[in-house]
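> Here it is: the structure, laid out below.
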Amino acid sequence: MNSILDTLKTFFKSIRFILFIVIMVVGILPVSLLKIYAVNMYRTAQIDNRQEKIYNMAYMIKNLIISTDYLNNSTSETVSVELEQLTSIYSGRIVIVDSSYTIIKDTYVVDEKKTCISENVLRCFDGEEIVDYDSENNNINIALLVTGNEDNDRGVIFFNFTTADIEENIVELNSILNGVLLVVFVILIGIALLFAGLFARPFKRMELEISSIKTGNFDEKITSTGYTEVVKIGDSFNHMLERLEELDASRQEFVSDVSHELKTPITSIKVLADSLLTQEDVPAEVYREFFADIVEEIDRENQIITDLLNLVKMDKKSDSLVITSVDINELVERVLKRLKPIAAEKNIELVLESFRPVVAEVDEVKLTMIVSNLVENAIKYNVMDGWVRVSLNADLKYFYVKIQDSGIGIPEESQKKIFERFYRVDKARSRETGGTGLGLAITNNAVLIHNGEIKLHSVEGEGTTFTVRIPLARPKK
Ligand code: ADP
């Protein structure tokens, strides 16, 4: 019981935890993706914008170079100022190469007068315009062909501008967004806890109800409402509690029946012994007579204990069966032979009718007990000069043992209870015949663990028929 409760509690806790995680993931994932998307969009927009501005400026400078004939006379103040301004505003470098591949202007100065025959220069002289963003080094590269009126008026201008400032802005933007994300994260934890709590409320309620069911208090029930699953778990749990309640009640009833049955012979023994003790000068015959009664009561007590032990053994699972291939005809004959003297006491005719040889996979000891108990009852609850007919038959799957008697019969209202422990139709008669009221309960259990069935037909005053049906073979596991 406790382990079931613990399992359910762990189950409910897991549900809450899973809900929490789901809400967190569902909340955090889109927000994080949105942040990444926003930063990338910002970067692209900034770079595109910068590129466009530089490109426009580059065109403006290109035209200026042509109009001032800068390629042939690189002393134009206007060009130098424009170049200075552009490179200082956007932090970059501008290099101008003339038709003889000589660098006539480098805003970094270092490469002036040097020769530059790079792939880009050649591509540009071929008429290609280069506009390119190097994302690895954060550089915007633009190369334009400058063409004047003369052939030697050709040149190339290189613009190399860094976008490091944009990247710095992005780092700043990232840290701001991370801060926002942290706040969103904290809010989400709150929302997740709240929703997980709300979603799991019916489970939590059930968990509390289950915890409040104290061990052994099976009459308490849980009133589960909410999701269908919760109601189903609640119903199953209540069903289990009902079963436990029934089991508990039947266990208590059994203990009280056993105590009562065991007490009866002891009370008789005490009464007999007391009356001997309180009398003086009791004659030896009376002593003998009383002691004979005491021995009888002790035998009875012994019989009850033996039957109880048999019953307990029989309550075990079918694993306890010792299955062998048994000749049933021979088994029944042996039982009848053993009971013949008891039948003779009442002049009861004992007849065996065997329709075919039957060999079955059964527990020999338990099957002997089944047949013995039924035939013994047929003799015990019979009339003087009556008869008991035992017949044995079989089909392809089962064998049948039928025990018919001409006895007193069993009243209809008792027929349902006849297999209950300690149930006797006539207590006094059963006691007289040494019955304990356990024989049929043991027999029924023994038949059941053989996967068999026992049926009863009885008419009061006419007789009783018990039919036992048992499979010929054990099912393969
Ligand atoms: P007991 O030890 O009292 O015989 P059982 O469990 O074997 O206990 O039987 C229960 C009761 O069923 C008996 O007390 C008796 O009243 C009734 N009973 C059993 N078998 C027969 C029978 N063949 N004919 C009439 N009554 C029977």
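> Report, ordered by the first and then the second residue, all pairs with beta carbons closer than 7 Å, sequence separation of six or more or different chains, a first member in the stretch 415-429 that is among the aromatic types (Phe, Trp, Tyr), and a second member that is more than 8 Å from the ligand (Cβ to nearest atom).
Correct list of pairs: Phe419/Asn444; Phe422/Asp257; Phe422/Glu261; Tyr423/Lys417.
> Pick out the one residue from Leu350, Leu396 that is away from the ligand (no atom under 13 Å from the Cβ), surrounded by fewer than 18 Cβ atoms within 10 Å (Cβ to Cβ), not basic (Lys, Arg) and not in a helix (DSSP H, G or I).
Leu396
> Determine which single condition Ala360 fails, assuming it passes every other condition in (1) touching a helix residue (DSSP H, G or I) at 6+ places or on another chain (Cβ under 7 Å); (2) small (Gly, Ala, Ser); (3) within 11 Å of the ligand (Cβ to nearest atom).
Going through the list (1) touching a helix residue (DSSP H, G or I) at 6+ places or on another chain (Cβ under 7 Å); (2) small (Gly, Ala, Ser); (3) within 11 Å of the ligand (Cβ to nearest atom), Ala360 breaks only (3).
> Please count how many residues of the stretch 86-136 are of a type in the set (Asp, Glu) and farther than 15 Å from Thr147 by Cβ.
Count: 7.
> Does the stretch 324-341 include one or more residues that are under 17 Å from Leu438 (Cβ atoms), among the polar types (S, T, N, Q) and open to solvent by 50 Å² or more (accessible area, probe 1.4 Å)?
no
> Check off (1) β-branched (Val, Ile, Thr); (2) crowded, with 18+ Cβ neighbours inside 10 Å; (3) over 26 Å from Asp426 (Cβ atoms) for Val365 and give me the number that stays unchecked.
Single failed check for Val365: (2).
> With respect to the numbered conditions (1) more than 52 Å from the chain's Cα centre (by Cα); (2) more than 9 Å from the ligand (Cβ to nearest atom), which one is the sole condition not fulfilled by Tyr381?
The single condition Tyr381 does not satisfy is (2).
> Then there is this: Are there strands (runs of 3 or more DSSP E) fully within the stretch 77-191 with at least 3 residues that are surrounded by 15 or more Cβ atoms within 10 Å (Cβ to Cβ), assigned by TED's automatic domain parsing to the domain that holds Val39 and hydrophobic (A, V, I, L, M, F, W, C)? List them.
Answer list for the stretch 77-191: 92-98, 139-146, 155-162.
> Count, please, the residues in the stretch 192-212 that happen to be open to solvent by 50 Å² or more (accessible area, probe 1.4 Å) and in contact (Cβ under 8 Å) with a residue 60 or more places away in the chain.
Of the residues in that region, 5 qualify.
> Cβ contacts < 8 Å: first residue assigned to a loop (DSSP other than H, G, I, E, B), restricted to the stretch 369-385; second residue more than 8 Å from the ligand (Cβ to nearest atom) and among the basic types (Lys, Arg), any location; separation 6+ or different chain. Result?
Sorted first by the residue in the stretch 369-385, then by its partner, the pairs are Asn382/Lys346; Val383/Lys346; Met384/Lys346; Asp385/Lys346.
> Still on this model: If you go through the stretch 439-477, how many residues are of a type in the set (Phe, Trp, Tyr) and open to solvent by 30 Å² or more (accessible area, probe 1.4 Å)?
Total satisfying the criteria: 0.
The values are calculated or read from the model by the stated rules, or taken from the named source; none is laboratory data. As the structure is a prediction and not an experimental result, all values here were calculated from the model. Note: ideal-geometry Cβ built from the backbone for every residue, glycine included; neighbour counts use all protein chains shown. Only protein heavy atoms, including side chains, enter the accessible area calculation; ligands, DNA and RNA are left aside. Shrake-Rupley method; radii C 1.70, N 1.55, O 1.52, S 1.80 Å.
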